[in-house]
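Only one structure is covered here, and it is reproduced in the block below.
Computed from the coordinates by the stated procedures, all read-outs in this text should not be read as laboratory data. Bear in mind that the values here come from a model prediction, so they are computed numbers and not experimental data. Here the Cβ is made from the backbone with ideal geometry for all residues, glycine too, and neighbour counts use every protein chain on show.
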Amino acid sequence: MNSLGNDLWRAVWSVPFLLAVLIQFFILQTSGFQSELYHMSVPLVCTFPYTCAWLDESRSGFTKLALPRTSVFWYIAGKFIACAAAGGLAELAAALLLQHTKPQNDLPEDLALIFLCGAFWAGIAALLAAASGSKYSAYGGAFVLCYFLVILHERYWKACYFLDPAEWLSPQQPWMLGTDGVKLMLGGLLLLTGLSYALILERRLSHG
């Protein structure tokens, strides 16, 4: 359990986290929440804080020192939860900062959607990092997947509005249960992502 607390502290109390908050705040301040620039920046900027933590520790040899001090479960959980939480908190902090400095803004009433979107895309990036062992896939993969979903929705399946990542941030369509429906979908996707990450990382750790 202590491993999880350490990971959360390292993820949030870091220069990459601060950088992510400042970048998103600048984009929100200049372009606005409804801008395409902001919507496309979320799956990229939220990956800054802690996406490649496991890769860095594995390559430096720190993983071999950390595992004897905790269980494999808490080691893996710490890496994923800290990554997702830091990604979501970075996006949420930028929105709260905008709300404080610019009361008249276009932010949605339910800021939990911003947190969940950041957490989900950060989790996807962590999954890609574990699956590929590449930082390039980790930092760029979530953005590529987001753009791919946008193309699928706009060019082929316009009726499937749940494919559009912009809908997750600011629902415009009649979702079942309203914004709660979006939260349930994102929560479920995040859980599946976490389970996939755990399976992949456990296999990698068992093989040294």
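For the chain, modelled as a Gaussian network with Cα springs under 10 Å, which listed residue fluctuates most, LEU149, LEU169, LEU113?
Highest fluctuation of the listed residues: LEU149.
For segment 2-206: lysine pairs with Cα atoms under 27 Å, gap of 8 or more or different chains, count?
For segment 2-206, qualifying lysine pairs total 6.
Report the full-extension gain for the segment THR30 to LEU205: residue separation times 0.36 nm, less the Cα-Cα distance, to one decimal in nm. List each step's numbers first, then the result.
Values: separation 175, 0.36 × 175 = 63.00 nm, distance 4.39 nm.
The THR30-LEU205 span can extend by a further 58.6 nm.
Suppose only helical runs count, i.e. DSSP H with n ≥ 4. What mean residue ellipticity at 222 nm does that imply for the chain under -39500 (n - 2.57) per run, divided by all residues and rounded to the nearest 500 deg cm²/dmol? Present the calculation step by step, with values, prior to reporting the outcome.
On the way: 10 runs with 151 residues, N = 208.
Calculated at 222 nm, the ellipticity per residue is -24000 deg cm²/dmol.
Cα gyration tensor of segment 120-160, axes a ≥ b ≥ c as square roots of the eigenvalues: rounded (a/c below 1.5), prolate (a/b > b/c) or oblate?
prolate
Assuming a ≥ b ≥ c are the square roots of the Cα gyration tensor eigenvalues, decide whether the chain counts as rounded (a/c under 1.5), prolate (otherwise, with a/b larger than b/c) or oblate.
prolate
Just to confirm a number: summing +1 for Lys and Arg and -1 for Asp and Glu over residues other than VAL150 whose beta-carbon lies under 10 angstrom from that of VAL150, what do you get?
-2
Using only the alpha carbon atoms of segment 77-140, find the Kirkwood hydrodynamic radius as the inverse mean reciprocal pair distance, in angstroms to one decimal. Mind dumping the intermediate values first?
On the way: mean 1/r = 0.0795 Å⁻¹.
For segment 77-140, inverting the mean 1/r across all distinct Cα pairs yields 12.6 Å.
Given a cut-off of 23 Å, what percent of all Cα-Cα pairs of segment 1-119 lie beyond it?
Of all Cα-Cα distances in segment 1-119, 34 percent exceed 23 Å.
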